[in-house]
Amino acid sequence: QVQLVESGGGLVPPGGSLRLSCAASGIRIWAYAMAWYRQAPGKQREFVASISTGGDENYASSVKGRFTISRDNAKNTVSLQMNSLKPEDTAVYYCNFNVLTQSYWGQGTQVTVSS
């Protein structure tokens, strides 16, 4: 059974940092590109960042230069380091990967950026 479990969310003031983690079970992540998405209240889920099996990174323009995605294949985890956080980064953050037409998601972790 495939499972993705996100952690590391919380409340942080503007300009602060958080590190999100996604622990995978039931799969070996080395075989898949992994991604982070987010969904703010009243908005559609949007792409944040992805990392290929070879380590190539891709970012949404809104987070480029502030967020860094990484993977640890040995620990079967994917992380998202978020710096210089802004109130507009407030959202539920989800870990994701796809196999052919099947898309897998975690339950999400809440990130709130507020003073």
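The residues of segment 57-115 that are of a type in the set (Asp, Glu) and within 15 Å of the chain's Cα centre (by Cα), listed by number, are GLU57, ASP72, ASP89. Note on segment 53-67: among residues that are surrounded by 13 or more Cβ atoms within 10 Å (Cβ to Cβ) and without any contact (Cβ under 8 Å) to a residue 12 or more places away in the chain, the one that is nearest to ARG19 (Cα to Cα) is TYR59. Can you tell me which of SER115, SER50 is surrounded by fewer than 20 Cβ atoms within 10 Å (Cβ to Cβ) and part of a loop (DSSP other than H, G, I, E, B)? Just one listed residue meets the conditions, SER115. Among the criteria (1) among the hydrophobic types (A, V, I, L, M, F, W, C); (2) under 20 Å from GLY10 (Cβ atoms); (3) part of a strand (DSSP E or B); (4) in contact with a Leu (Cβ under 9 Å, 6 or more places away or on another chain), the one PHE97 does not fulfil is (2).
Of everything in segment 8-36, what is in a strand (DSSP E or B) and open to solvent by 60 Å² or more (accessible area, probe 1.4 Å)? Give them in sequence order. Steps first, please.
First pass over segment 8-36, keeping only residues in a strand (DSSP E or B): 10-12, 18-25, 34-36.
If the condition is that a residue be in a strand (DSSP E or B) and open to solvent by 60 Å² or more (accessible area, probe 1.4 Å), then LEU11, ARG19 are the ones that fit.
Go through segment 61-72 and report how many residues are part of a loop (DSSP other than H, G, I, E, B) and under 19 Å from GLN110 (Cβ atoms).
Just the residues of segment 61-72 that are part of a loop (DSSP other than H, G, I, E, B), to begin with: 61-66.
Filter once more, keeping what is under 19 Å from GLN110 (Cβ atoms): 62-63, 66.
Within segment 61-72, residues that are part of a loop (DSSP other than H, G, I, E, B) and under 19 Å from GLN110 (Cβ atoms) number 3.
Using the structure shown, decide if VAL5 is open to solvent by less than 30 Å² (accessible area, probe 1.4 Å) and among the β-branched types (Val, Ile, Thr). The answer is no for VAL5.
Please go through (1) surrounded by fewer than 14 Cβ atoms within 10 Å (Cβ to Cβ); (2) of a type outside the set (Asp, Glu); (3) not in a loop (DSSP other than H, G, I, E, B) for LYS75 and return the number of the only condition it doesn't satisfy. Just one mismatch for LYS75, condition (3).
The values are calculated or read from the model by the stated rules, or taken from the named source; none is laboratory data. All values reported here derive from a predicted model rather than from experimental measurement. Note that we place each Cβ from the backbone using ideal geometry, even for glycine, and neighbour counts take in every protein chain shown. The accessibility values were calculated without ligands, DNA or RNA, using every heavy atom of the protein model including side chains. Shrake-Rupley method; radii C 1.70, N 1.55, O 1.52, S 1.80 Å.
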